[in-house]
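Report on the following structure.
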Amino acid sequence: MGKRDVTKVVLDEKEIPKQWYNVVADMPNRPGPHYSSRTGKPAEPQELEAIFPKSLIQQEATTERWVDIPKPVRELYHQWRPSPLYRAKGLEKLLDTPARIYYKYEGTNATGSHKLNSSLAQAYYNKEEGIKRLATETGAGQWGSALSLACSHFDLACSVYMVKVSYDQKPYRRSFMHTFGADVTASPSNKTQCGQKILEEFPDTTGSLGIAISEAVEDAATHADTNYALGSVLNHVCLHQTVIGLESKKQLEMIDEYPDIVMACCGGGSNFAGLAFPFLKDKFSGTKLRAIAVEPTACPTLTKGKFAYDYGDSVKIGPITKMYTLGHDFIPTGIHAGGLRYHGDSPIVSQLYHDGIIEAQSYAQKEVFDAAVKFARTEGIIPAPESAHAIKGAIEEALKAKEAGEGKVILFNLSGHGYFDMTAYESYFSGNIENIDYAEEDLKESLNKLPQID
Ligand SMILES: *Cc1c(COP(=O)(O)O)cnc(C)c1O
């Protein structure tokens, strides 16, 4: 085995990518353009300029294959990148599999997930264009944390609308954001018109990501010095995350490996995009490779959703996008992987799935936590409940390889750690984790409310 008999592959700092990879340049069918929810026509740049900086609007539509990473962003990447790539020796031994399992670990920065790769870039571009404040939503708290830290680096104010149920359940995520100077509001709130409207109609609601997005978009659209930032889904966010896959390729090259399978959990699709897109570049030129997005059965966007134009937010003020969707007012049950509870998916990931270039799998909550604990006990890292979906997927593939007696190479993304999710683990240990499924009826109903485009 020799070279591959490693525990951890570390790259030199000078190997941090200097450019992001844009898969749109190489994919056979490009993602559809964003539409305006106001006019029902393709969104004019001016309309998007009310909430996004020009540079990011341009990145959203670019078909250039490589996009330079601005120097100030790259300098901040140096604080924790290149991130480590591990061989999961403990897990392989437990599974007694001939497969070699590797994982890229994105939880080594202060905010504990991959999201900082994009929040730093977004804060930088907004600062460059004279913006003073960013408004955003956060579900589980990881994106709010990542944007708070990025805003503090670039001297921007930051307003976070946090889904009420997480606001109440994850007080330490709140304190984390306060530490970096952000103001955090439980959503729905009285600070925005759409929040007020929802509260009048549903005073006891625990909120949703779709509602919090509407509040943040309204805040940005109604304040000239304020823009909006989204932590996933959009093309530019997927682009920023490709540092993950670009580094992983170099790390595997160092030990003469190439994956048969790459996998990541999929909420809005950004960490999957980040790991998989640089490998898809090879697949487009003939290399054999499977790329698998793993989602929860409670929010099965790719595996059970519809490929159609839909609103990105509940109150229908943000752009309309062609994507796999469960419907903009589908509210998934309260699973612990809060970061995977979005009704839609990245338009690029959706198009690739539609074209059969990538695959998708879904798993239920309890089996995902079983996998998380197996991983923690053999690898020594407590994974985020979101990331544990990728672990579950990797374990399944490793067991299939065992049955077939094949020495497959599996690479998955460990998108973040679970050290702010110990309440969820405690529920699991006390037997209170349930396999909640979506209701077929609810899904049918929400899919009936898609906007008519074309
Ligand atoms: C937000 C989050 C996700 C889901 O978002 P994607 O855009 O699908 O990557 C996954 N894992 C962690 C740790 C997260 O914080």
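Listed conditions (1) out of contact with any strand residue (DSSP E or B) (no Cβ under 8 Å at 6 or more places or on another chain); (2) more than 16 Å from the ligand (Cβ to nearest atom); (3) part of a helix (DSSP H, G or I); (4) hydroxyl-bearing (Ser, Thr, Tyr) are all met by THR97, apart from (3). Residues of the stretch 82-119 being closer than 23 Å to VAL67 by Cα and among the polar types (S, T, N, Q), which ones? Matches in the stretch 82-119: SER83, SER113, ASN117, SER118, SER119.
Looking across the stretch 37-60, the residues that are polar (S, T, N, Q) and out of contact with any strand residue (DSSP E or B) (no Cβ under 9 Å at 6 or more places or on another chain) come down to THR39, GLN46, SER55, GLN58. For the stretch 344-364, the candidate set comprises residues that are farther than 24 Å from MET27 by Cα and within 16 Å of the ligand (Cβ to nearest atom); within that set, the residue that is surrounded by the most Cβ atoms within 10 Å (Cβ to Cβ) is TYR363.
Any chance the stretch 245-267 includes a residue that's surrounded by 24 or more Cβ atoms within 10 Å (Cβ to Cβ), within 30 Å of LEU199 (Cβ to Cβ) and touching a residue at least 24 places away in the same chain (Cβ under 8 Å)? Scanning the stretch 245-267, I find at least one residue that is surrounded by 24 or more Cβ atoms within 10 Å (Cβ to Cβ), within 30 Å of LEU199 (Cβ to Cβ) and touching a residue at least 24 places away in the same chain (Cβ under 8 Å), so the answer is yes. Can you find a residue in the stretch 329-338 that is on the phi > 0 side of the Ramachandran plot, touching a residue at least 40 places away in the same chain (Cβ under 8 Å) and away from the ligand (no atom under 13 Å from the Cβ)? Within the stretch 329-338, not a single residue is on the phi > 0 side of the Ramachandran plot, touching a residue at least 40 places away in the same chain (Cβ under 8 Å) and away from the ligand (no atom under 13 Å from the Cβ).
Can you pull out the residues in the stretch 368-391 that are surrounded by fewer than 24 Cβ atoms within 10 Å (Cβ to Cβ) and in contact with a helix residue (DSSP H, G or I) (Cβ under 6 Å, 6 or more places away or on another chain)? Once the filter is applied, which keeps residues that are surrounded by fewer than 24 Cβ atoms within 10 Å (Cβ to Cβ) and in contact with a helix residue (DSSP H, G or I) (Cβ under 6 Å, 6 or more places away or on another chain), the stretch 368-391 yields PHE369, ALA371, THR378, GLU379, ILE382. Checking TYR102 against (1) within 13 Å of the ligand (Cβ to nearest atom); (2) part of a strand (DSSP E or B); (3) under 21 Å from PRO82 (Cβ atoms), which test does it fail? Tallying (1) within 13 Å of the ligand (Cβ to nearest atom); (2) part of a strand (DSSP E or B); (3) under 21 Å from PRO82 (Cβ atoms), TYR102 fails exactly one: (1). Listed by position, the helices (runs of 4 or more DSSP H) enclosed by the stretch 36-93 that each have at least 3 residues that are without any contact (Cβ under 8 Å) to a residue 60 or more places away in the chain are 45-48, 71-77. For LYS89, the conditions (1) assigned by TED's automatic domain parsing to the domain that holds GLY407; (2) in contact with a Phe, Trp or Tyr (Cβ under 7 Å, 6 or more places away or on another chain); (3) not small (Gly, Ala, Ser) all hold with the exception of (2). Within the option set THR138, THR179, being in contact with a helix residue (DSSP H, G or I) (Cβ under 9 Å, 6 or more places away or on another chain) and surrounded by fewer than 24 Cβ atoms within 10 Å (Cβ to Cβ) holds for one residue only, THR179. As an exercise: evaluate SER152 against (1) closer than 30 Å to LEU275 by Cα; (2) polar (S, T, N, Q); (3) buried (at least 24 other Cβ atoms within 10 Å of the Cβ) and give the number of the one condition it does not meet. Just one mismatch for SER152, condition (3).
Note on the stretch 254-273: among residues that are more than 16 Å from ALA390 (Cβ to Cβ) and not hydroxyl-bearing (Ser, Thr, Tyr), the one that is nearest to the ligand (Cβ to nearest atom) is GLU257.
Candidates in the stretch 17-63 are the residues that are touching a Pro at 6+ places or on another chain (Cβ under 8 Å) and among the polar types (S, T, N, Q); of these, the one that is surrounded by the most Cβ atoms within 10 Å (Cβ to Cβ) is SER37. The residue list ALA293, ALA298, ALA276, ALA308 contains one member that is in a strand (DSSP E or B), within 15 Å of the ligand (Cβ to nearest atom) and either more than 25 Å from GLY334 (Cβ to Cβ) or in contact with a Phe, Trp or Tyr (Cβ under 8 Å, 6 or more places away or on another chain) (or both), which is ALA293. If only residues of the stretch 298-330 that are among the β-branched types (Val, Ile, Thr) and surrounded by 21 or more Cβ atoms within 10 Å (Cβ to Cβ) are counted, the one that is farthest from GLU257 (Cα to Cα) is VAL315.
Yes/no per residue for (1) closer than 20 Å to THR192 by Cα; (2) touching a Lys or Arg at 6+ places or on another chain (Cβ under 8 Å); (3) assigned to a helix (DSSP H, G or I); (4) not assigned by TED's automatic domain parsing to the domain that holds LEU209:
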position	(1), (2), (3), (4)
LEU120	no, no, yes, no
TYR124	no, no, yes, no
SER145	no, yes, yes, no
SER152	no, no, yes, no
CYS158	yes, yes, no, no
SER175	no, no, yes, no
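The values are calculated or read from the model by the stated rules, or taken from the named source; none is laboratory data. This structure is a prediction, so every number in the text was calculated from the model and none was measured. Using ideal geometry, Cβ is built from the backbone for each residue, glycine included, and neighbour counts are taken over all protein chains shown.
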